[in-house]
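Asks: Here's a structure for you.
The values are calculated or read from the model by the stated rules, or taken from the named source; none is laboratory data. What you see is a predicted model, and the numbers here were worked out from it, not measured in a lab. Glycine gets a Cβ as well: all are built from the backbone with ideal geometry, and neighbour counts include every protein chain shown.
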Amino acid sequence: MSKNILLLPGDGIGSEIVDEAVKVLDALNDKMNLGVSYEKGLMGGCSIDAHGLPLTDETIAKAKASDGILLGAVGGPKWDTLDRAIRPEKGLLKIRAELDLFSNLRPAILYPQLADASSLKKELVEGLDILIVRELTGGIYFGEPRGVRVLDNGERQGYNTLVYSESEIERIGRNAFEIAQKRGKRLCSVEKANVLEVSGLWREVMESIAPDYPDVELSHMYVDNAAMQLVRAPKQFDVIVTGNLFGDILSDCAAMLTGSIGMLPSASLNADGLGMYEPVHGSAPDIAGQGIANPLATILSLEMLLRYSLGMSEAADAIAKAVGDVLDQGLRTADIDSAGMTKVSTSEMGDAVVKALLS
Ligand code: NAD
């Protein structure tokens, strides 16, 4: 049965990097007869420019009807002064909520060819393969009440609410246990139970479901310690499960261990397996239009989409191998420390991946 992908290139470097992923998909369609079609939609600043809203009902409907969504990135200085309610990032939060994409998988894998580009010493990161499972539709980013109020003394006070219900914790917890079962069978749950009541509940729920996964070793860590351990001895981790805010911060930290934020894909999945796949980086307005962005995180996001939402593991393996091949050839975009390597543009990198796929 043919499958259909919705492409949401977004803003900044978004269209440059998604174009390269499309080249790869076209090549795979030809080579492996995948039968994957695609169409484009608008989300973020480009949608605000066209429709006055970061995400329209039409795009939501297209996303729901698709078998998977490939996103570039949204946002940029052009829209930063708009009312918060219609900024590009609201489109992102809305599509996550509309599709109930509660589970965000953020791998931090260090390609052996890039060990020297890591911010840590080679011996600390060689062979690094961590997966951060971040809860994506709850916690402080969505909690109510929220806002800025004026106190009796006339001073303004900003406030947000960090809430997690038992069912939300159990859902992401079970998801993380199942993923750990398919990997190294070690799950570290990260929270701040020494200070926050919501984290105390998080820990209780994780403990209560652990007996259903006897093959997985569960540990707990406070988030401040987890941040420290990630830069001290990151290879101790296999799968980390955590809430929305802590996961946002820790996964960016883990990203840097791998040499470049331009290498890392991510997946956001709902309970039915529908997913939105995107690089972990943003729209990089500082380099947009220059043709120097690294497209590999987006190409690897396509790899995850084929693997997790379309069940096309052979095609996904072929992409992973092709990316390894171009790194072996010494090709690097400008974001990766490239002494002695061949510096290539965004499109040259995409072309090289296609060539490796077809060879
Ligand atoms: P960013 O990730 O866009 O950029 C941080 C730095 O990394 C920049 O120097 C950038 O040039 C570089 N970089 C990022 N991706 C790269 C790539 N593929 N190749 C080479 N270099 C790359 O983060 P930021 O500057 O904090 O945010 C810029 C905009 O992106 C903001 O509007 C922000 O809200 C938005 N943003 C969007 C998403 C998303 O769409 N999921 C995520 C994060 C930030």
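Asks: Under 8 Å between Cβ atoms, at least 6 apart or on separate chains: pull out the pairs that start in region 335-358 with a residue that is without any contact (Cβ under 8 Å) to a residue 24 or more places away in the chain and end on any residue that is surrounded by fewer than 19 Cβ atoms within 10 Å (Cβ to Cβ).
Replies: 340/330; 341/330; 342/329; 342/330; 343/334
Asks: Which of the residues belonging to region 20-47 are away from the ligand (no atom under 13 Å from the Cβ), assigned to a helix (DSSP H, G or I) and farther than 19 Å from residue 275 by Cβ? Give the derivation first.
Replies: Step one: list which residues in region 20-47 are away from the ligand (no atom under 13 Å from the Cβ), which gives 22-42.
Subset that is assigned to a helix (DSSP H, G or I): 22-32.
Within region 20-47, 23, 26, 27, 29, 30, 31, 32 qualify.
Asks: Name the one entry in 65, 85, 97, 50 that is small (Gly, Ala, Ser) and either within 24 Å of residue 293 (Cβ to Cβ) or within 14 Å of the ligand (Cβ to nearest atom) (or both).
Replies: Details: 65 fails: either within 24 Å of residue 293 (Cβ to Cβ) or within 14 Å of the ligand (Cβ to nearest atom) (or both); 85 fails: either within 24 Å of residue 293 (Cβ to Cβ) or within 14 Å of the ligand (Cβ to nearest atom) (or both); 97 fails: either within 24 Å of residue 293 (Cβ to Cβ) or within 14 Å of the ligand (Cβ to nearest atom) (or both).
Exactly one residue qualifies, and that residue is 50.
Asks: Here is a further query. Which condition from (1) in contact (Cβ under 8 Å) with a residue 24 or more places away in the chain; (2) surrounded by fewer than 21 Cβ atoms within 10 Å (Cβ to Cβ); (3) within 16 Å of the ligand (Cβ to nearest atom) is the one that residue 328 breaks?
Replies: Answer for residue 328: the failing condition is (3).
Asks: Could you please give the count of residues in region 255-303 that are more than 9 Å from the ligand (Cβ to nearest atom), assigned to a loop (DSSP other than H, G, I, E, B), more than 25 Å from residue 168 (Cβ to Cβ) and not hydrophobic (A, V, I, L, M, F, W, C)?
Replies: Number satisfying all stated conditions: 5.
Asks: Here's something else I'd like to know. Which one is farthest from the ligand (Cβ to nearest atom), of the residues in region 304-323 that are among the small types (Gly, Ala, Ser) and assigned to a helix (DSSP H, G or I)?
Replies: We begin by selecting, within region 304-323, every residue among the small types (Gly, Ala, Ser); these are 309, 311, 313, 315-316, 318, 320, 322.
Keeping just the survivors that are assigned to a helix (DSSP H, G or I) gives 309, 313, 315-316, 318, 320, 322.
Numbers: 309: 18, 313: 25, 315: 23, 316: 20, 318: 22, 320: 18, 322: 18 Å.
Applying the filter and picking the extreme gives 313.
Asks: Mind checking which pairs have a first residue in region 291-312 that is without any contact (Cβ under 8 Å) to a residue 60 or more places away in the chain and under 11 Å from residue 278 (Cα atoms) and a second that is more than 15 Å from the ligand (Cβ to nearest atom) and not β-branched (Val, Ile, Thr), Cβ under 7 Å, 6 or more apart or different chains?
Replies: So the pair list comes out as 303/316; 303/320.
Asks: Pairs under 7 Å by beta carbon, first residue within 28 Å of residue 273 (Cβ to Cβ) in region 69-80, partner near the ligand (Cβ under 7 Å from one of its atoms) and among the hydroxyl-bearing types (Ser, Thr, Tyr), six or more apart or different chains?
Replies: Note: pairs meeting the criteria are 73/283; 74/283; 75/283.
Asks: Does region 283-292 contain any residue that is surrounded by 20 or more Cβ atoms within 10 Å (Cβ to Cβ) and within 17 Å of the chain's Cα centre (by Cα)?
Replies: Here is the first cut: in region 283-292, the ones surrounded by 20 or more Cβ atoms within 10 Å (Cβ to Cβ) are 283-284.
Keeping just the survivors that are within 17 Å of the chain's Cα centre (by Cα) gives 283-284.
Taking every residue of region 283-292 in turn, at least one turns out to be surrounded by 20 or more Cβ atoms within 10 Å (Cβ to Cβ) and within 17 Å of the chain's Cα centre (by Cα).
Asks: Pairs, please: C-beta under 9 Å, at least 6 apart or cross-chain, first residue in the same structural domain as residue 275 (by TED's automatic domain parsing) and in region 7-28, second among the acidic types (Asp, Glu) and within 11 Å of the ligand (Cβ to nearest atom)?
Replies: From region 7-28, the pairs are 8/278; 9/16; 10/278; 12/286.
Asks: Determine whether region 342-357 contains at least one residue that is buried (at least 20 other Cβ atoms within 10 Å of the Cβ), at pLDDT 95 or above and part of a loop (DSSP other than H, G, I, E, B).
Replies: yes
Asks: Of the residues in region 76-111, how many are farther than 30 Å from residue 331 by Cα and either aromatic (Phe, Trp, Tyr) or not in a helix (DSSP H, G or I) (or both)?
Replies: Keep residues of region 76-111 that are farther than 30 Å from residue 331 by Cα, which gives 77-103.
Subsequent filtering for residues that are either aromatic (Phe, Trp, Tyr) or not in a helix (DSSP H, G or I) (or both) retains 79-83, 87, 99-103.
The total comes to 11.
Asks: So if I check each of 223, 280, 216, which one is within 18 Å of residue 181 (Cα to Cα) and surrounded by 17 or more Cβ atoms within 10 Å (Cβ to Cβ)?
Replies: Working: 223 fails: within 18 Å of residue 181 (Cα to Cα); 280 fails: within 18 Å of residue 181 (Cα to Cα).
Only one candidate passes the filter, namely 216.
Asks: Being within 23 Å of the chain's Cα centre (by Cα) and in a helix (DSSP H, G or I) is the filter; apply it to region 177-204 and report the residue that is farthest from residue 245 (Cα to Cα).
Replies: If we take residues in region 177-204 being within 23 Å of the chain's Cα centre (by Cα) and in a helix (DSSP H, G or I), then 181 is farthest from residue 245 (Cα to Cα).
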